[in-house]
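Peer 1: Sharing a structure with you now.
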Amino acid sequence: MAGACPGACPGAVKARAGRRGAARSWAAPGEMLRVRCLRGGSRGAEAAHFIGSRLGRVFTGWVQRSFQSTQAATASQNTCAADDNKATSPVPQDSPVCSYNEWDPLEEVIVGRAENACVPPFSVEVKANTYEKYWGFYQKFGGQSFPKDHVKKAIAEIEEMCNILKKEGVIVKRPDPIDWSVKYKTPDFESTGMYAAMPRDILLVVGNEIIEAPMAWRARFFEYRAYRRIIKEYFNCGAKWTTAPKPTMADELYDQDYPICSVEDRHKLAAQGKFVTTEFEPCFDAADFIRAGRDIFVQRSQVTNYMGIEWMRRHLAPDYRVHVISFKDPNPMHIDATFNIIGPGLVLSNPDRPCYQIDLFKKAGWTVIHPPVPLIPDDHPLWMSSKWLSMNVLMLDEKRVMVDANETSIQKMFEKLGISTIKVNIRHANSLGGGFHCWTCDIRRRGTLQSYFD
């Protein structure tokens, strides 16, 4: 069964006009797959015990119901905006936004900006997500610009990436440039900003809806402002627009005594299911979710907590099924350099961070590919990520992939799979924390809603 995307608003690609009247089907609660928690498979009780110990016994029952139940919450009906006080249809006939997975033919994308990128202040949540060898860099330059020459090269690389996407027939939109060095203050904290480089971190497209993630770093609290102009344009053309509950980011959201001194500490804490973010309030980055039609996979990470996952699960039910998966990862933050779904029944799985629920995919007939070791030199600065950005690729369709021009090993892997590689050099852009998937948010892909796990 499949549901079709609505059409695009004027100026967008018109190739999908014939599908606008297609019927859309919904998953019944009984079709829900069991939600997976923590490592080793379905362990809702373990997750409940852990969260309950942090929040108290009153909350434990709620967590147990949330993560053990296979029943989805009833989806609330969204209404469209009024035009000159006249009610419009609750399901827009035309929408510029429509994407159900990571591989359907790409028609429109948002690409981030490196302009004015600033080093985030060295707060507890930043320390928990960065490598020890760069802590001195953050302590020295927090609140200031990333090295200007490096940023200049990153800007040029992303411009070339945009030009290549356009040549491949993709419409490219860009966020607004903002001065991220300006200090701001809320009743709970003060900080400077970071950048609008990674739209994948803050925006998640599910069907014809754009979801703004609440984020978890204080330096990214106002990052949504760079994208508001674009999102309002999409909304005015018929897209749905949802902003997840904005966290206060008060001190209670973070374990202020999170004990990190080494990589070994990270492994121990990850094995215990402990993270720098608490369950004080919902928080998540959109990049911790990855889509495969009706099934959406997410990890509990340093920036995405169980309350954030549960908010998303309730919001998307019963249309979509949200599954928690976990990895042998000492520093989980954003899933797409660990587990990147690149086609129907095809997933890249990081060999250094094995997935504890991989049998869920194998039993469904999926092919699991372990990408080769990245070739990026040890002396190249990666202030906010690991070398595994080599697998952080962007699929233009099932047979075309955008990949780093320097990563010849993974290029050969894709060619053996029958996938053509579009080679772009974004080595300096990698230093700011993302690969092609991170630097983009696919707004419209030509395809239908399908289930790949029934």
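The values are calculated or read from the model by the stated rules, or taken from the named source; none is laboratory data. Keep in mind it's a predicted model, so treat the numbers as computed, not measured. Cβ atoms come from the backbone with ideal geometry, glycine included; neighbour counts cover every protein chain shown. Protein only, heavy atoms only, side chains kept; ligands, DNA and RNA dropped before computing areas. Shrake-Rupley method; radii C 1.70, N 1.55, O 1.52, S 1.80 Å.
Peer 1: Per residue, how large is the accessible surface of region 363-418? Use a 1.4 angstrom probe and give square angstrom. Let's see the in-between values first.
Peer 2: Values: 2490 Å² over 56 residues.
Per residue, region 363-418 has 44 Å² of solvent-accessible surface.
Peer 1: When N is the residue count of region 311-384, what does its C-alpha Rg come to as a fraction of 2.2 N^0.38 Å? Display every interim value, and only then the final one.
Peer 2: On the way: Rg = 14.8 Å, N = 74, 2.2 N^0.38 = 11.3 Å.
That works out to 1.31 for region 311-384.
Peer 1: Of Lys268/Lys328; Lys185/Lys240; Lys183/Lys232; Lys127/Lys148; Lys362/Lys412, which sit over 19 Å apart, Cα to Cα?
Peer 2: Numbers: Lys268/Lys328 11 Å; Lys185/Lys240 30 Å; Lys183/Lys232 26 Å; Lys127/Lys148 23 Å; Lys362/Lys412 24 Å.
Check vs 19 Å cut-off fails for Lys185/Lys240; Lys183/Lys232; Lys127/Lys148; Lys362/Lys412.
Peer 1: Another one. Taking 7 Å along the Cα-to-C-beta vector as the label spot, tell me the Arg228-Glu264 distance in nanometres, rounded to one decimal.
Peer 2: The two pseudo-label positions are separated by 4.9 nm.
Peer 1: Compute the length gained on full extension between Glu190 and Glu252: take 0.36 nm times their separation in residues and subtract their Cα-Cα distance, giving the result in nm to one decimal. Could you put the intermediate results ahead of the total?
Peer 2: Values: separation 62, 0.36 × 62 = 22.32 nm, distance 1.49 nm.
Extra length from Glu190 to Glu252 when fully extended: 20.8 nm.
Peer 1: Name the long-range amide H neighbours of Cys98: under 5 Å, sequence gap of 5 or more, or other chain; modelled H, no Pro or chain starts.
Peer 2: Residues meeting the amide H criterion: Arg444, Arg445.
Peer 1: Expressed in nm to one decimal, what extension gain is obtained for the pair Thr242 and Tyr134 from 0.36 nm per residue of sequence separation less their Cα-Cα distance? Can you show the working numbers first?
Peer 2: Working: separation 108, 0.36 × 108 = 38.88 nm, distance 3.55 nm.
So the chain would gain 35.3 nm between Thr242 and Tyr134.
Peer 1: While we're here: Determine which residues of region 323-339 fall in the zone a paramagnetic label at Ser409 would reach in this model, i.e. backbone nitrogen under 17 Å from the point 7 Å along Cα→Cβ.
Peer 2: 337-339
Peer 1: Residues with beta-carbon under 12 Å from that of Thr248, excluding Thr248: net charge, scoring Lys, Arg +1 and Asp, Glu -1?
Peer 2: Values: positive: Arg218, Lys246; negative: Asp188, Asp251, Glu252, Glu281.
Charge balance near Thr248 sits at -2.
Peer 1: Apply the Karplus curve 6.51 cos²θ - 1.76 cosθ + 1.60, θ = phi - 60°, to the phi angles in region 128-137 and return the couplings in whole Hz, x for Gly and Pro.
Peer 2: Here the 3J(HN,Hα) series is 5, 10, 10, 8, 4, 5, 9, 4, x, 4 Hz.
Peer 1: Next question. Just to check I understand the Karplus step: with θ = phi - 60° and J = 6.51 cos²θ - 1.76 cosθ + 1.60, what whole-Hz values come out for region 252-260, glycine and proline as x?
Peer 2: Those phi angles translate into 5, 6, 10, 6, 5, 10, 4, x, 10 Hz.
Peer 1: Between Arg321 and residues 5 or more places away or on another chain, which pairs have amide H atoms under 5 Å apart, with H built 1.01 Å from N, and which residues are they?
Peer 2: Asp295, Ile296
Peer 1: Right, next: List the lysines whose Cα sits under 18 Å from the Cα of Lys153, skipping any in the same chain fewer than 8 residues away.
Peer 2: Lys423
Peer 1: Also, quick follow-up: Compare the peptides 445-452, 274-281 by average per-residue count of other Cβ atoms within 10 angstrom and give them in order, highest first.
Peer 2: Details: 445-452: 19.4, 274-281: 21.1.
Result, highest mean first: 274-281, 445-452.
Peer 1: Place the peptides 255-261, 245-251, 162-168 in order of packing, highest mean first, counting for every residue the other Cβ atoms within 10 Å and averaging per peptide. Write out the running numbers ahead of the final one.
Peer 2: Working: 255-261: 12.6, 245-251: 16.3, 162-168: 14.6.
Ranking the peptides 255-261, 245-251, 162-168 by packing returns 245-251, 162-168, 255-261.
Peer 1: Evaluate the distance, in nm, between pseudo-label points positioned 7 Å from the Cα of Asp378 and of Glu168 along their respective Cα→Cβ axes.
Peer 2: Between Asp378 and Glu168, the simple spin-label model gives 3.3 nm.
Peer 1: State the Cα centre-to-centre distance between region 357-433 and region 147-191 in whole Å.
Peer 2: About 22 Å separates the Cα centre of region 357-433 from the one of region 147-191.
Peer 1: Find the centroid of the Cα atoms in region 219-272 and in region 94-132, then give the distance between the two in whole Å.
Peer 2: Each part's Cα centre sits 11 Å from the other's.
Peer 1: Can you return the lysines within cross-link range of Lys416? Criterion is Cα-Cα under 18 Å, with same-chain partners fewer than 8 residues away left out.
Peer 2: Of all the lysines, those that pass the test against Lys416 - Cα under 18 Å, at least 8 places apart if same chain - are Lys399.
Peer 1: So what J values fall out for region 173-186 if you push phi through Karplus, 6.51 cos²θ - 1.76 cosθ + 1.60 with θ = phi - 60°, rounded to Hz, Gly and Pro as x?
Peer 2: Working through the residues one at a time gives 10, 10, x, 7, x, 9, 7, 7, 7, 5, 7, 10, 9, 10 Hz.
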